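For reference, the structure discussed in these notes is given below.
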Amino acid sequence: MIQRRLFHRLLQPFSSGTTGGSRCVMFGLHSAMKDRHTSSPPSSSSSTTQSTLPVRATEHTLIAVKPDGVQRRLVGQIIHRFEQRGFKLVGLKMMQASEDLLSEHYREIVKKPFYPLVRAYMTAGPVIVMVWEGSNVVQSSRKMVGPTNGAEAQAGTIRGDFSFHVGRNVVHASDSTEGAQREIGLWFQENELLNWESCDQDWTIEANEDKQ
């Protein structure tokens, strides 16, 4: 009887038409085991489980695989590194960057004499742009990507492993939280970013504890 009740609780979110269908199984298991040791009947609503999820401090960053990274078929390996690190992908698209978009993105160097080379490079083919979410994701991503000049990047970084020339450095990463917000607004519409629940957050991000 207890086993039938336990499996009923685990399968209930997936068989109903509520948003609970996307919730991780481990949260359903936790709720079911809790019901087993209490005398109160199981709740028919999933709102209790959702409201008790821990609050975590996260930020977002923009990562772009540049035309050379796309042409060299490095997209999968680059995505794998961010997933392996524990960051959550909340936005992804392939596009041909326009000159107007690039002039806004590179506004700090648009008047530099070398900017035409940058523009030609970034419009030479499609780019993959992504938004990643996680704790301290901006600075962590910068370390993962490595210095702008691939020849100076350490082995183990993306540029250190895949690039050796500053003009073909494979990937872009936002350099600050403010810069990330600005760049994300340039490359993505708000409805192109997805807020979803990752099952592994308990193991990659420490929840903020209420000190009061």
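Structure summary
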quantity	calculated
Complete set of residues in region 183-194 that are of a type in the set (A, V, I, L, M, F, W, C) and open to solvent by less than 30 Å² (accessible area, probe 1.4 Å)	184, 187, 188
Residue within region 80-88 that is surrounded by 12 or more Cβ atoms within 10 Å (Cβ to Cβ) and under 16 Å from residue 187 (Cβ atoms) present	no
Cβ-Cβ under 9 Å pairs, at least 6 apart or on other chains, region 185-197 side in contact (Cβ under 8 Å) with a residue 12 or more places away in the chain and closer than 18 Å to residue 64 by Cα, far side open to solvent by less than 60 Å² (accessible area, probe 1.4 Å) and in a helix (DSSP H, G or I)	186/101; 186/105; 187/101; 187/105; 193/184
Conditions (1) at pLDDT 95 or above; (2) surrounded by 14 or more Cβ atoms within 10 Å (Cβ to Cβ); (3) of a type in the set (S, T, N, Q); number of the one not met by residue 154	(2)
Tally, over region 145-181, of residues that are in contact with a strand residue (DSSP E or B) (Cβ under 9 Å, 6 or more places away or on another chain), assigned to a helix (DSSP H, G or I) and of a type outside the set (Val, Ile, Thr)	8
Residue list for region 162-210, filter: at pLDDT 95 or above and among the aliphatic types (A, V, I, L, M)	170, 171, 173, 180, 184, 186, 193, 194
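Residue by residue, here is whether (1) loosely packed, with under 14 Cβ neighbours inside 10 Å; (2) without any contact (Cβ under 8 Å) to a residue 40 or more places away in the chain holds:
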residue: 98; (1), (2): yes, yes
residue: 102; (1), (2): no, yes
residue: 139; (1), (2): no, yes
residue: 174; (1), (2): no, no
residue: 181; (1), (2): no, no
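The values are calculated or read from the model by the stated rules, or taken from the named source; none is laboratory data. Remember, it's a predicted structure, so these values are computed and weren't measured experimentally. Because the Cβ atoms are built from the backbone with ideal geometry, glycine has one as well, and the counts that use them run over all protein chains shown. The area values use the complete protein model at the heavy-atom level, side chains included, leaving out ligands, DNA and RNA. Shrake-Rupley method; radii C 1.70, N 1.55, O 1.52, S 1.80 Å.
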